[in-house]
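For reference, the structure discussed in these notes is given below.
The values are calculated or read from the model by the stated rules, or taken from the named source; none is laboratory data. These numbers come from a predicted model, not from an experiment. Cβ sites come from the backbone with ideal geometry, for glycine too, and all protein chains shown count toward neighbours. Just the protein is used for accessible areas: all its heavy atoms, side chains included, with ligands, DNA and RNA removed. Shrake-Rupley method; radii C 1.70, N 1.55, O 1.52, S 1.80 Å.
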Amino acid sequence: QDITAIPNPIDTRVFRPGDQRQARLSMHLPLDKKLILFVSQRVTQTIKGMDYMVEACNKLVESHPELKEQWGVVVMGGHADEIAGRFQLPVFSYTTLFRSPLGYVNNTRAIVQAYQAADVFVIPSLSDNLPNTIMEALACGVPCVGFNVGGIPEMIDHQKNGYVAKYRSADDLAAGIYWTLHEADRQQLSREAVNKVERNYSQQNVAVKYIEVYTNAIAQKTFRI
């Protein structure tokens with residue numbers, strides 16, 4: 001049997017690059033820090049890898065104490081308040097604008113602004129297929145860092161639109177975050193991120209893939225008849 005894999009689409013008219021400064025002002029986030037974003041429906045779920053996220057960020061502080069004041073962590077997801085004290089960096093999980101913890105957010109505008117405000121999106125999941133969060137971050141021009149597991153390395157092109165870290169290695173996760181924030185060409189990463197989504201996950205391109213599947217199926221059936 002022929003097997004065709006077609007990804008979920010994303011609306012690139014909604015998830016798109018924006019003015020980082022304006023996004024931060026709208027969400028009352030600091031303008032003078034490089035912000036590391038983590039997103040999960042429930043941040044304390046073991047499979048989402050928060051332990052590795054905390055360890056990686058703390059390793060960054062230990063390795064580069066002179067840069068500690070330049071970094072901050074933004075956590076979007078339920079129970080974010082339970083993990084904030086584990087970081088050696090300031091954690092931003094509240095926004096006056098929406099009058100509630102960032103917590104579990106279903107306000108699309110808030111989600112898009114959170115991506116637009118970030119410098120890097122980190123997804124330390126221990127198991128995942130084709131995470132929508134990576135797709136959303138890339139569509140907003142935000143480079144991503146994640147483990148080499150499941151569908152993550154299909155979405156993150158190593159050192160092109162982000163960094164694929166060794167599985168379950170907090171050291172390499174930290175290295176990926178540092179590389180993205182301080183060594184890579186930020187503008188080039190952002191362009192590659194948006195291009196990846198346009199080529200593979202935009203509604204238009206996904207629709208074309210479906211049309212091709214049906215067209216081929218109809219042609220094969222007609223030929224057999």
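Points to keep in mind about this one:
- Residue within segment 162-185 that is open to solvent by less than 50 Å² (accessible area, probe 1.4 Å), under 30 Å from Asp2 (Cα atoms), not β-branched (Val, Ile, Thr) and not in a helix (DSSP H, G or I) present: no
- Number of the condition not met by Arg199 [criteria: (1) open to solvent by less than 10 Å² (accessible area, probe 1.4 Å); (2) part of a helix (DSSP H, G or I)]: (1)
- Scanning segment 1-27 for residues that are over 20 Å from Val206 (Cα atoms), of a type outside the set (D, E, K, R) and surrounded by 13 or more Cβ atoms within 10 Å (Cβ to Cβ) turns up Pro17, Gly18, Gln20, Ala23, Leu25, Ser26, Met27.
- Residue pairs meeting the criteria (Cβ under 9 Å; at least 6 apart or on separate chains; first within 22 Å of Asn195 (Cα to Cα), in segment 158-180; second open to solvent by less than 30 Å² (accessible area, probe 1.4 Å) and modelled with pLDDT under 95): none
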